[in-house]
Amino acid sequence: ARKLPLDPLPPLPLRNMSTVIIGVLALQGDFAEHIDTFKKCENVECREIRKTEQLEGLHALVIPGGESTVMIKLLVEFGMFDAVKSLGSSGTPMFGTCAGCIMLAQGIEERPNQKTLALSNVMVARNAYGTQVDSFESGITGDDMVFGGTPLTAVLIRAPKITKVGPEVKVLASHGPDPVLVQQDNLLLCTFHPEITGDTRIHAYFTKFVRDTAKPFKLASA
């Protein structure tokens, strides 16, 4: 018997299959600058994250600069703290800049009782370079996978200092003797503000890492 032709397959969604969904924690701080920078990277969809349920389906999460104590407090008040920590523990890539670096650290040297997400084997000191008026810019170089052999301008605004790193932490760039960009497995920690210079190299490096390694995050069932 003659077989009828199969019905045509439905059209594929318009989104490029290599698009990654990167959430930016938008409770406080310079989240808008991160989103603007990621828009310059290929095939990235950014989402502002203010609720636990918005973490579902993310390929990565960024914690921006701002006030680390305020953001931790808001994560707790909004019931997001455990879910964000679970996201990082699951292997989903996370990128923390300045205050975000503090929040990803294991602890804070001068404030041992201050709560952090404690996801990385890194210790930090807050405002280690001084107050707002002591902020400065510095040309840095580091791992060619990130910098491509060309210096990058690092803007350090009330920046933390990474004081200790564990053996599993890779230092990607330093300012003098101090690490300023480090990676531990799925976690990228940066003490400065790459999102405000117009240079996309660190964001592009993170995006490539996300695309190569990530799968959508799934919230734990209630």
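The values are calculated or read from the model by the stated rules, or taken from the named source; none is laboratory data. Only a predicted model underlies this, so the values are computations on that prediction, with no experimental measurement involved. As a convention, Cβ positions derive from the backbone with ideal geometry for all residues, glycine included, and neighbour counts pool all protein chains shown. These accessible areas exclude ligands, DNA and RNA; they are computed on the full protein's heavy atoms, side chains included. Shrake-Rupley method; radii C 1.70, N 1.55, O 1.52, S 1.80 Å.
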### Query
Among the residues of the range 134-153, is there at least one that is aliphatic (A, V, I, L, M), over 16 Å from the mean Cα position of the chain (by Cα) and part of a strand (DSSP E or B)?
yes
### Message
Suppose we filter the range 184-220 for residues that are open to solvent by 20 Å² or more (accessible area, probe 1.4 Å), of a type outside the set (A, V, I, L, M, F, W, C) and farther than 17 Å from V84 by Cβ; how many remain?
### Response
11
### Task
State yes or no: is V124 open to solvent by less than 50 Å² (accessible area, probe 1.4 Å), more than 15 Å from the chain's Cα centre (by Cα) and in contact (Cβ under 8 Å) with a residue 12 or more places away in the chain?
yes
### Task
Run down G142, G176 and say which single residue is farther than 20 Å from P64 by Cβ, crowded, with 17+ Cβ neighbours inside 10 Å and free of Cβ contacts under 8 Å to residues at least 40 places away in the same chain.
G142
### Query
Which number in (1) open to solvent by 10 Å² or more (accessible area, probe 1.4 Å); (2) touching a Pro at 6+ places or on another chain (Cβ under 7 Å) marks the one condition that V44 misses?
(2)
## Note on the structure
K170 meets each of (1) touching a strand residue (DSSP E or B) at 6+ places or on another chain (Cβ under 6 Å); (2) open to solvent by less than 40 Å² (accessible area, probe 1.4 Å) with one exception, condition (2)
### Task
Return a yes/no flag: does the range 72-81 have any residue that is within 20 Å of K161 (Cβ to Cβ) and either open to solvent by 10 Å² or more (accessible area, probe 1.4 Å) or of a type in the set (A, V, I, L, M) (or both).
yes
